[in-house]
Each structure stands twice: as structure tokens, then as C-alpha cells.
Amino acid sequence: MKRIPAFLAARRESVILALMLEFLHGAIWFDFGSLSSRSLMLIQFGLFLIWQPVWRSDEKLAWYNGTAFILLTLAFVTWMNWWLLYAWLILLVGFCGGRVAVSRRERGLSMLVLAFLTSELLIACTTELFDIPLPRNIRDVFGVLLPIMPVIVVLLSAPSDARALHSVDILQAIAAATLVTLLIIGSLINMYRNHVDYLLALVHTLLAIGVFLFAISWLLTPRMRFSGLSQLWLRSILNIGTPFERWLNELSVLFRQRTSPDEFLDSAMEELTGHAWIAGVTWTAEGSQGEHGSRTPHATEFRMERLTARIFTHAPLGGALFLHCKLLLHLVDDFYVARLHQRELTKRTHLQAIYETGARITHDIKNLLQSLQAITSIIQQEEAGGESVSQKLLRRQLPHLTQRLQLALDKLQDPAVIRYEEVYLKDWWRDLQNRSGRGTTRFQSDIAGDPTVPADLFDSVVENLLENVKDKAQIEPGLAVTVALYSDGSLIQLSICDNGTHLAEEKARLLFHEPLPSDSGLGVGLYQVARLAESLGFALFLSANVDGRVCFELSNRIAAPAASAAASAPAG
């Protein structure tokens, strides 16, 4: 006896469904419209509310939804008649026929429930509604056999997971309700037109609908090697807005022409607005955003892996057009993600090449350092009298060069150990002017206090930027450079400016964030210096980027990087 409650508890949903069908059968067959029939129908509504597959059991029902359901239930029970019952049975057919079955057993049980509801419609509801005479023995047979079907549903159902949610496919629900309605109407038309018995007309209609469904399923089944209708359906979905093959070809061309992910995305969205049914589009992806076309009251949002887009159309998107538009945007997102991965792979390949290059030159630097150390020791042992200016400069700079090569070699041999030489700012500034010479470079300073700074960082910044200006001067003769240093004891600002043309917007945006292609090297100098500055509490950024004034600044201001975004765009 203890096994029976456990059996029913494991099949709670099937039990509730079976009880709902039993009370529905009782309300229809036992003095329909009486007080007892209305009471059974009210109980059936309560069981339906527990069983219904629309809302989750743990979902909080809004007060207006609950109030509307109660009012409709009371109105149904108060004015209950065969027309209302017909509408309610058609609605139940849609709910049960539209439930998504995950196994063959569930599909079979759903067919059994549909057979029960259809029998109630055909034998009880339709005959009473249209006053169709039916032999009493047939009514008695259905009155006795129909209550057995819900019991079979409980016995054959599998234990259900309380967390499982069986969704309702709206297309299947509409198809099931439409077919049952078509069966009833077809039977009535056949009966009245051909003057045949109702049961015979029902059998004829069942056979006709069965043959029709079999023919449709045969034509749509791939195993039958006739896929004309399915191909026609798929082609209509793919090409309802624009030919799918043409859109794929356009994206492929843009993918080859636009090397930057943002440029590709902007071009693809601009191409999308060229379709007659799209008025405009806005999008956001990986920190970038944009807009093309015009906005309309009819907006639909699509969320992809990396892309979020809002499509503005001249009219609300229909079901098929919505699927088509989502498919087109999925393609854009896939190409965009591929371009992002390609850029990341290029970046990693670039860094790998730099790593291998560094490993190869480590030994060369070590040999060069040994030679320089020998030369330095000889020069330092000689007397300083009667030296020329160049000899004095050589005496000062060779030890400094030897020391820097030693630090570089230490980093290559043991990159995990970080060693940085701290020097006083005034000493570093004076040493920079002595070894740089004047020429076209102008030095300006306003130094209050004398804080210590990492010499390796400041040297790397100045040397990288001056080398870039030197390369730039080959294209733009007469380039003037200004190196300025400001310090109030706590704030330190080092800027290198030239009067040349501004950097391209795309290049300025990616500067300091990833290695850039370079004709004279690996294009990684400023990228590495920016990472070094960040690790030491400094920020290297582009403070000005207009024609006649291109300035890079190294500062220990916390908010310094924010200025680079405003400076990256050239003046119009």
C-alpha cells in the first residue's frame, strides 16, 4: 500500500492532468449545466491552474493575471453552456497538442490526451450543440470508456522531474486546435450536405484528414528523397528579406577588405541598412558603438555573442522576417568574432616572434657587453688631462651605456626578477641633455623638488619617442621636437612634442594597447614601454593629436590615461 502514494508522487503532473480530465468528463456527462456539474467544472479549473504549462510553479503570478483568471472562471461557471464548453475544449486541445514532447512515451501519452479531448468534443459537445441524434449504446460506451483513458495516462507515464518545464510550441498548439476544429466542421458539412449519419460523416472526414496529413508528412520527410517542399520552405525563410547567398558573399568581401574588426562591423551595418525593409540600425560591440540610417518607432533588439543590435524597420517585423533578420545578424556576429580572433592570433604571433628574437640576441648582447666593459675599464684608467670635448663625452657615456646593457642582459636572462635603477630627477634631466645634444631638439624644464624616478623607464620613453620622431622627419623635413619636464615634487610630467601631422585615428586608438606594424622594427616599442610605465605607477598616453602638435606624455597622474581618448581624434 505504501508503494501507491510513492508511485503517484513521482507522477504528480500526470496525476493532476488525469484528475482534471476526470472532473471535466464528470461535468459534461452527469447532468450538464446543473449545480453539481458547475461544481465539478470549478474543481476542473482549479486543477488546470495547478497543471497549466504556461507559468512556472515557482513563478509569482501578478495580481491582475490572477484576478482576470478568477473573473473569467466565475463567468464561465455562471453562464456555462455548450458553446463555452466548445471553446474551452478547443483551448485545452491547443495546450495539450502544443506541448513539446522529449520522448516517444510522452508523445504517445499526448496523443492519448488529445484523443480524450477530441472524443469529448465530437461525441458530447458537438452532438448536443447541433442537436444530433446519437444511439444511446454508443453514448454509453463512450461514457464508460473515456474515464479509463486518464488512468492509462497515469499508469504509462514516467516519473517526472519537478524542476522540468514543458514549454508550449505556439505553432503546434494552433495546428492541433485548427485540425480538431476542421474535423468537426468537415463532419457537419458532410453530414448535412450528403444526408448521411453523423458517425459515418465523421469517419469519412477522419479518413480525408488522415490521408492529407500523411501526404504532407511524406512530402516533408527527407527519407522519402523528395525535399521540394522543405527546400521551398527553407528558401522562403532564408530569402524573405534578401537573398541569403548574396548577403553571405557581401560579408565575405567586406571581411577581406576590412582588416580591423570595428571597420568590418561598421561596413557590414552600413550594408545592412541598404535593404529596403530596414530604415536604420544601432549597435554596440566590444566597447565600440555606431549608428547608420534613421530611427523609426518600430525597433527590434537582437543579442548575439559579441554584438547587440537594434533594427529599425518601417513596419513591425513579422515572424518569418524576424527569423531572417536574426540569421543575417548572426552571420555578421560570426564574421566579427572571427576577425577579433584573427587579431588576437596576430598579436600573439607578433609577441612570439619578439620573444624568439630576444632569445637569439641575448647571447650577442652578452658578447657586446664584455667588449664594452673592457673598453670602459681602459678609458677610466687613463688620465683626464688634455681631453677633447668628444673624449670627455665618451668618458661620461661609456660607463652609462655599459650599465644599461648590463640591466638589459639581466632582464633577458631572468625576466621574473625586476631591477630598476632609481635616480634623482634633476640628475637624470641633466644627463639626458648632455648625451642627447641640441640639434633640432629643444629642452624645457620646470622642476621643483628632486624626486627619484626609474631611470630605465624614462630613458626608454625618451629614446623610443625620439627615434620615432627621427623616422618621421625623413618623411616630413624640418620637424622640430620639444622635450619638456615639469615637477612640483609629487607630480611628474614628461612630454615629447613635434610639429608634424597627426596620427591616424585607428592607429592612435590602438597605440599602447597592442603591437602595431612598423617598417623599421617589430612595432612593439611603445607597447612595451606603456606596459612598463603601468607596472611602475606611471601612464604613457597621447595628450595631443592635431596637425602641428603631436604630444606624448609620461605622468604619474592617476587619471592620465583618460586624456588619451580625447586626444586620439584629430581636429576637423
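None of the figures in this text is laboratory data; all of them are computed from the coordinates on show. Only a predicted model underlies this, so the values are computations on that prediction, with no experimental measurement involved. As a convention, Cβ positions derive from the backbone with ideal geometry for all residues, glycine included, and neighbour counts pool all protein chains shown.
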- List the residues whose amide H sits under 5 Å from the amide H of Ala279, counting only those 5 or more places along or on another chain, with H placed 1.01 Å from N in the peptide plane. Phe312, Thr313, His314
- Message: So for each of 472-485, 176-189 I average, over its residues, the number of other beta carbons within 10 Å; can you give me the resulting order with the highest mean first?
- Response: 176-189, 472-485
- Short version: ³J(HN,Hα) in whole Hz for each residue of the stretch 532-537, in order, from phi by Karplus 6.51 cos²θ - 1.76 cosθ + 1.60 (θ = phi - 60°), x for Gly and Pro, what are they? 5, 4, 5, 5, 9, x
- Query: Using the Cα gyration tensor of the stretch 240-347, with a ≥ b ≥ c the square roots of its eigenvalues, what is the shape: rounded (a/c below 1.5), prolate (a/b larger than b/c) or oblate (neither)?
  - Reply: prolate
- What order, most packed first, do the peptides 533-545, 200-212 have when packing is the mean number of other Cβ atoms within 10 Å of each residue? 533-545, 200-212
- Message: Over all directions, the average projected area of the alpha-carbon convex hull for the stretch 80-128 comes to how many nm²?
- Response: 3.2 nm²
- Which of the pairs Lys426/Lys507; Lys326/Lys507; Lys347/Lys507 have their Cα atoms more than 22 Å apart in this structure? Lys426/Lys507; Lys326/Lys507
- Evaluate the distance, in nm, between pseudo-label points positioned 7 Å from the Cα of Asp427 and of Thr78 along their respective Cα→Cβ axes. 9.7 nm
- Query: Mind listing P(r) for the stretch 281-321? All alpha-carbon pairs, 5 Å bins, whole percents.
  - Reply: 6, 23, 28, 23, 14, 5, 0
- Message: Could you sort the peptides 136-144, 458-466 by per-residue average Cβ neighbour count (10 Å cutoff), highest mean leading?
- Response: 458-466, 136-144
